[in-house]
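Values in this text are rule-based calculations from the coordinates and carry no lab data. Values in this document were obtained by computation on a predicted structure and should not be read as measured data. Quick reminder, even Gly has a Cβ in these numbers, built from the backbone with ideal geometry, and neighbours come from all protein chains shown.
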Amino acid sequence: MSMINAQHWNQLPKLLNQFSTNHDLVYIEAFFEEESFHEILAQSRLYRKEVEPDIRLTNLTSSMKPAELTYIPPSDEILFGGLYESKELKEFIQCIVNRPKLLTFNCQRYVVYRPGQGLDWHKDVPTYIDPEYSAILTLENETDSSFKFRDASRQVHTIHTRSNSLLLLKAFRASHKVIPCTYGSRTAIIMEYTPTKSKGPLFYPNIFFYRFLKLFRK
């Protein structure tokens, strides 16, 4: 049984074109089939009480507070094995980014945005040597927060990321910004993929940070 909504496989040429036009970024709503998404959502709620402020992002937030997150361990068969390392999901992303093979690297996070938390304009810096791709699955969004990005022509676009939507972007490409919400909360799972095993300068700082989160949880 397919996890991904079947209509998206049929729209791959259109999505690939959008990814290119938007400076290596594409947004897809109703991404997973309902049954698969509800299983992911139920499992993700187990991590809600474990989040801590993402101290790595302090310099990117200006007057905003950084989001809160926690590490999702490989032992989680639903969110790590069934989602992040899903063969179907990797194949779908490979088609859009036009890469024959993508690797996972034990770097999946559960993220919560609450009132006042956001990110100023920035480009994602890869943990591994470029290219690196982030797939952001919005789980719940009961807020007025929005996501802004600049396409290849520098035009600014605004998205209100809905529940069960996937935002796929390449590191070091499209500038983007998360506008803080004034009420409610938004939760998401961030997954990162790369075709290379060559480590970048941020690899070890990130690994130490995730190990700290794991120790804190214990």
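Here the peptides 132-138, 90-96, 32-38 are ranked by packing, the mean other Cβ count within 10 Å, and the order with the highest first is 132-138, 90-96, 32-38. The residues neighbouring Lys101, those whose beta-carbon lies less than 13 Å from its own, together hold a net charge of +3 under the Lys/Arg +1, Asp/Glu -1 convention. Per-residue Karplus couplings for segment 10-21, computed as 6.51 cos²θ - 1.76 cosθ + 1.60 with θ equal to phi - 60°, are listed in order as 6, 9, 3, x, 5, 5, 4, 5, 5, 4, 5, 5 Hz, Gly and Pro entered as x. Highest-first packing order for the peptide set 2-11, 15-24, 145-154 is 15-24, 145-154, 2-11, based on the mean count of other beta carbon atoms within 10 Å.
Using the average count of surrounding beta-carbon atoms within 10 Å as a protection proxy, the listed peptides 66-72, 158-164 rank, highest first, as 66-72, 158-164.
Remark: for residue pairs Lys123/Lys177; Lys170/Lys197; Lys87/Lys199; Lys87/Lys177; Lys101/Lys197; Lys101/Lys199, the C-alpha separation exceeds 19 Å in Lys87/Lys199; Lys87/Lys177.
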